[in-house]
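**Student:** Sharing a structure below in structure tokens format, with a few things to ask.
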Amino acid sequence: MNKKVFSINLNFDSLGEAYGWPSDFIEDAAFTKGVDRILNLGHKLNIPITFFLVGKDLENKKNYEIIKRISDNDNVEIANHSYNHLFNFGSRSEQVIYDEIYKSHELIFKCTGKEAKGFISPTWSVSKNVIKNLIKLNYSYDTSFFKSIFLYPAVLKIVASHIVKKKFKKAFQIMNRRDYLIPFKYNYEPFFINSEMKKVSSNEKKSILEMPMPVINNLNPPIWHTTGYIFGWNYLKNNIKKILDKNKPFFYLIHPADFLDQNDLDKKYTLALERMNENYKNKIENLENMLEFIVSHGYKGVKLIDIAKLYHQ
């Protein structure tokens, strides 16, 4: 196994999703501007991008064509982030969860001609029903486990932001989840799990690879680009260095908010995204600096499915 590899995990929460998918909203800058911005950066640094798409976004014709255009790029992987991006995703019924995964899966396949093999739950809301359905649909890996106490302030911040913007339905959804302790039952390192959420060996057929958010320990924030905006870039680099020193594969989580700004927003709608006042060029520079820091330590960028294949061998 080539241990010094990493992936960009782009949790593609679009502007359409943030606005609540209004019927007259067509020009989603997350797609029309953001996709090329992040792909250009990836090309510059020779780092592939794994896009975790919300399926409903592909019902927008412009978004669909953009993803179709980039899907044949060898440095792009299209993965699944559910259909509706429900904030209490893991707490829904087994059938609702299946429908959410499957409907997005089908839209991705129709658009790209390829089956998604990776998944991340909205707001890291995971449960036995999520795992069971991912295994049923033959997913190779999942990145929904947030094994850090910073999950709780992160969730509270999301709730507060949505209440301030009067997005009460979403705020209630995230408060109505019941899965906060699940990730803490498992390892920091990637592991295989079956539909009963029991750890199994890598050769178990009915299982899925879990790749938790990279963390140093439960008491530290995860290695996540957002952490740099909260605690400072030097703090984030120091924590990343501790991960790099392990000489093991990991992923670096980013969001469209890391390369969009207020000029990309449609003023007709409100949303609860943070840090949109900072110019996107500064954001790209911050992101480039962090990725260059990782590469400078001998790490090579790959798609997340490539890391998953290393563990499946």
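**Student:** Let me check the size of region 248-313 from its C-alpha atoms; what are the radius of gyration and Dmax in Å?
**Tutor:** Answer for region 248-313, Rg first and Dmax second: 16.0, 50 Å.
**Student:** Suppose we keep just the alpha-carbon trace of the chain; what are its Rg and Dmax in angstrom?
**Tutor:** That works out to 18.0, 52 Å for Rg and Dmax.
**Student:** State the Cα centre-to-centre distance between region 82-142 and region 229-280 in whole Å.
**Tutor:** 24 Å
**Student:** In percent, how large is the relative contact order of region 165-313, given Cα pairs closer than 8 Å and 6 or more residues apart?
**Tutor:** Working: 121 pairs, mean separation 28.1, N = 149.
For region 165-313, the relative contact order is 19 percent.
**Student:** What is region 1-95 by shape, rounded, prolate or oblate, if you read a ≥ b ≥ c off the alpha carbon gyration tensor as root eigenvalues and call it rounded for a/c under 1.5, prolate for a/b larger than b/c, and oblate otherwise?
**Tutor:** On the way: a/c = 2.30, a/b = 1.29, b/c = 1.78.
Oblate.
**Student:** Tell me, what is the per residue accessible area of the chain in Å², probe radius 1.4 Å?
**Tutor:** Values: 13630 Å² over 313 residues.
It amounts to 44 Å² per residue over the chain.
**Student:** Determine which lysines satisfy two conditions relative to Lys237: a Cα distance under 24 Å, and not lying fewer than 8 residues away in the same chain.
**Tutor:** Counting by Cα, and skipping residues close in sequence, Lys237 has these lysines nearby: Lys3, Lys4, Lys44, Lys147, Lys157, Lys246, Lys248, Lys281, Lys283, Lys300, Lys303.
**Student:** Convex hull over the alpha-carbon atoms of region 181-288: what's its volume per residue in Å³? Don't skip to the answer; put the middle values down first.
**Tutor:** Values: hull volume 17.2 nm³, N = 108.
Spelled out: Cα convex hull of region 181-288, divided by residues, is 159 Å³.
**Student:** Mind scanning Lys33/Lys136; Lys68/Lys103; Lys62/Lys132; Lys169/Lys199 and naming the pairs with a C-alpha gap bigger than 26 Å? Intermediate results must be reported in sequence, preceding the final value.
**Tutor:** Details: Lys33/Lys136 35 Å; Lys68/Lys103 17 Å; Lys62/Lys132 33 Å; Lys169/Lys199 35 Å.
Among Lys33/Lys136; Lys68/Lys103; Lys62/Lys132; Lys169/Lys199, the Cα-Cα distance tops 26 Å for Lys33/Lys136; Lys62/Lys132; Lys169/Lys199.
**Student:** Express the carbon and sulfur contribution to the solvent-accessible surface of the chain as a percent, rounded to the nearest whole number, probe 1.4 angstrom. Don't jump to the answer; show the numbers that get you there.
**Tutor:** Details: 7010 of 13630 Å².
Its accessible area is 51 percent carbon and sulfur atoms.
**Student:** Express the relative contact order of the chain as a whole percentage, based on alpha carbon pairs under 8 Å and six or more residues apart in sequence. Write down the numbers at each step before the final one.
**Tutor:** On the way: 569 pairs, mean separation 79.9, N = 313.
Contact order relative to length: 26 percent.
**Student:** Please work out how much length the chain gains when fully extended from Glu27 to Lys128, using 0.36 nm per residue of separation minus the C-alpha to C-alpha distance, in nm with one decimal. Walk me through the intermediate numbers first.
**Tutor:** Working: separation 101, 0.36 × 101 = 36.36 nm, distance 3.68 nm.
Length difference between fully extended and current span is 32.7 nm.
**Student:** Let me ask something else. Under the classification rounded if a/c is under 1.5, otherwise prolate if a/b is larger than b/c and oblate if not, where does region 63-104 fall, given a ≥ b ≥ c as square roots of the Cα gyration tensor eigenvalues?
**Tutor:** It comes out prolate by the Cα gyration axes.
**Student:** Right, another one. With runs of 4+ DSSP H residues as the only contributors, calculate the mean residue ellipticity of the chain at 222 nm using -39,500 (n - 2.57) per run, divided by the residue total and rounded to the nearest 500. Walk me through the numbers on the way to the answer.
**Tutor:** Details: 11 runs with 120 residues, N = 313.
Dividing the helical sum by the residues of the chain leaves -11500 deg cm²/dmol.
**Student:** Treating the beta-carbon of each Lys and Arg as +1 and of each Asp and Glu as -1, no other charges, what is the dipole magnitude of the chain about its Cα centre, to the nearest 20 debye? Show your work: numbers first, answer last.
**Tutor:** Working: 45 positive and 34 negative charges, 153 e Å.
Charge dipole of the chain: 740 debye, to the nearest 20.
**Student:** Apply the Karplus parameterisation 6.51 cos²θ - 1.76 cosθ + 1.60, with θ equal to phi minus 60°, to every residue of region 20-32 and state each ³J(HN,Hα) to the nearest whole Hz, in sequence, with x for glycine and proline.
**Tutor:** Listing the rounded values in order: x, 6, x, 5, 9, 8, 10, 8, 8, 5, 4, 8, 5 Hz.
**Student:** May I pose another question? Normalised by the number of residues in region 7-148, what is the relative contact order in percent for Cα pairs under 8 Å and 6+ residues apart? Walk me through the intermediate numbers first.
**Tutor:** Numbers: 224 pairs, mean separation 31.2, N = 142.
Answer for region 7-148 is 22 percent.
The values are calculated or read from the model by the stated rules, or taken from the named source; none is laboratory data. Just so it is clear, the model here is predicted, and its values are computed rather than measured. All Cβ positions, even for glycine, are placed from backbone atoms using ideal geometry, and neighbour counts span all protein chains on display. Just the protein is used for accessible areas: all its heavy atoms, side chains included, with ligands, DNA and RNA removed. Shrake-Rupley method; radii C 1.70, N 1.55, O 1.52, S 1.80 Å.
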